[in-house]
1. With (1) in contact with a Leu (Cβ under 8 Å, 6 or more places away or on another chain); (2) more than 21 Å from Ile225 (Cβ to Cβ); (3) not polar (S, T, N, Q) as the list, and Arg126 as the residue in question, which single condition is left unmet?
2. Within the stretch 68-103, how many residues turn out to be within 23 Å of Met275 (Cα to Cα), of a type outside the set (Gly, Ala, Ser) and either surrounded by 16 or more Cβ atoms within 10 Å (Cβ to Cβ) or touching a strand residue (DSSP E or B) at 6+ places or on another chain (Cβ under 7 Å) (or both)?
3. Determine which single condition Glu242 fails, assuming it passes every other condition in (1) closer than 20 Å to Gln145 by Cα; (2) assigned to a loop (DSSP other than H, G, I, E, B).
4. For the stretch 356-399, name all the residues that are touching a strand residue (DSSP E or B) at 6+ places or on another chain (Cβ under 9 Å) and β-branched (Val, Ile, Thr).
5. Does Arg24 meet the test of being under 25 Å from Ser322 (Cβ atoms), among the basic types (Lys, Arg), buried (at least 22 other Cβ atoms within 10 Å of the Cβ) and in contact (Cβ under 8 Å) with a residue 24 or more places away in the chain?
6. Has the stretch 117-125 got at least one residue that is of a type in the set (A, V, I, L, M, F, W, C), under 30 Å from Gly360 (Cα atoms) and loosely packed, with under 12 Cβ neighbours inside 10 Å?
7. Within the stretch 264-278, work out how many residues are more than 21 Å from Glu135 (Cβ to Cβ) and among the acidic types (Asp, Glu).
8. Please go through the stretch 320-347 and give me each residue that is at pLDDT 95 or above and in a loop (DSSP other than H, G, I, E, B), ordered by number.
Amino acid sequence: MSKHTIVIMPGDGIGRLVMQEALRVLDAAGFDAQYIEADIGWDFWCKEGNALPQRTIELLEQYKVGLFGAITSKPKEEAAAELSPGLRDKGYVYSSPIVSMRQHFNLDICIRPCHTYKGNPLNFIRCSAQDQIEEPFVDVVIFRQNTEGLYSGVEWSHPDGIVYEALRSHKKFVKSFGDVPRDEIAVSTRIFTRKATERILRAAFSHAATNGYKSVTLCEKPNVIRETSGMMYNMAKIIQKEYSGIELRNTNIDAQMMWLTKNPEDYGVIVAGNMFGDIVSDGFAGLIGGLGFACSANIGEKAAVFEPTHGSAPKYASFETSIVNPIAMIESACMMLDYLNEKALAARIRSAIAAVILEGRVRTYDMMKMKGSPDVIKNGAASTRQMGDAIIKKVTSDK
């Protein structure tokens, strides 16, 4: 009997392609697990009106750990137009399955590490004061509150009734929007709770303390978004008192996006609400090679799901030979291993990835700075499979 049972959700587009490589690498490293494939993604929305079927939720409820590939998401009207004819005009509304998973299982702690791999030609470089090229080492971990804020889904178009009256009870709403017709108003709420805010802050400070980081940077906007960002900043100041060796920094999201290309090596752990955490994590991912290297964990008290942060990129899924970079998916599998206390296996795989990148003989099209097309293979880029093979070769040579 296998030691672990993992619910795998390849999803759409390139999700299946990168998932296959992650599973091959896990097998090569000796991870003792059985995999149960679950339904998720665009096809199930079109056929069933639900991109996250109840049967998949039940599998995650049973086995607690999921490995997720990628999904296709489209705006409201486009999603409705692609429903099977028999399901149209019956009240089905598309919602992102990964967001639904986060909310259903309260996967409120999102962790997104951004770590420089030496030898990666996509690493951020800058010019020094002496006109020399510098390549700062980036080692940042973003903690993103995953279930609240602007992604909570509490929204209205042309609000009426008690919702509209509640809005009108705020004097600033009356002043700025009181004369705007209701059918011209759309509202998205940004709700923070003390419990969830405290959990993400404590997770960030605990990670910093455990892993030797010297600072935690709160990346919000408390000088303007005073109630939600302000609450988070005030709570961070209280919690920081329990971690005397860790500095609390406070940066605004807009300024942070400018500073991250000036001095990215100065940051350690960053913590933010849902939307700002999403933004800043993509910004730092750009410094280490882009979404082909961006992994993440979604962790709750009773379940966890691990995923790359890239999308399904359907045009690449149709290529005869897959060209996409599987490293983000493989790194996400490593985060899963850490969560399962299989840290030695995770370290071995990460060392193999580092060795392949440093060696430089196997590079996917993004690492060669090519435009994504089927021609990249004949021009020297490695396929998805070849990158997986190279990592497996390093993993097995270290056994």
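1. The failed condition is (1).
2. Residues in the stretch 68-103 being within 23 Å of Met275 (Cα to Cα), of a type outside the set (Gly, Ala, Ser) and either surrounded by 16 or more Cβ atoms within 10 Å (Cβ to Cβ) or touching a strand residue (DSSP E or B) at 6+ places or on another chain (Cβ under 7 Å) (or both): 10 in total.
3. With respect to (1) closer than 20 Å to Gln145 by Cα; (2) assigned to a loop (DSSP other than H, G, I, E, B), Glu242 is out only on (1).
4. Val362, Thr364, Val376, Thr384
5. Details: under 25 Å from Ser322 (Cβ atoms): yes; among the basic types (Lys, Arg): yes; buried (at least 22 other Cβ atoms within 10 Å of the Cβ): no; in contact (Cβ under 8 Å) with a residue 24 or more places away in the chain: yes.
Against the criterion (under 25 Å from Ser322 (Cβ atoms), among the basic types (Lys, Arg), buried (at least 22 other Cβ atoms within 10 Å of the Cβ) and in contact (Cβ under 8 Å) with a residue 24 or more places away in the chain), Arg24 does not qualify.
6. The initial filter retains those residues of the stretch 117-125 that are of a type in the set (A, V, I, L, M, F, W, C), namely 122, 124-125.
From what is left, the residues that are under 30 Å from Gly360 (Cα atoms) are 122, 124-125.
Right, trim to loosely packed, with under 12 Cβ neighbours inside 10 Å and you get 125.
Looking for residues that are of a type in the set (A, V, I, L, M, F, W, C), under 30 Å from Gly360 (Cα atoms) and loosely packed, with under 12 Cβ neighbours inside 10 Å, one finds at least one in the stretch 117-125, hence yes.
7. Step one: of the stretch 264-278, the residues more than 21 Å from Glu135 (Cβ to Cβ) are 269, 271-278.
Now drop any that are not among the acidic types (Asp, Glu), which leaves 278.
Residues flagged as more than 21 Å from Glu135 (Cβ to Cβ) and among the acidic types (Asp, Glu) within the stretch 264-278 amount to 1.
8. Looking only at the stretch 320-347, we keep the residues that are at pLDDT 95 or above, and these are 321-347.
Matches in the stretch 320-347: Thr321, Ser322, Ile323, Val324, Asn325, Pro326, Leu340, Asn341, Glu342.
The values are calculated or read from the model by the stated rules, or taken from the named source; none is laboratory data. Keep in mind that this is a model prediction, so the values were computed, not measured. Glycine gets a Cβ as well: all are built from the backbone with ideal geometry, and neighbour counts include every protein chain shown.
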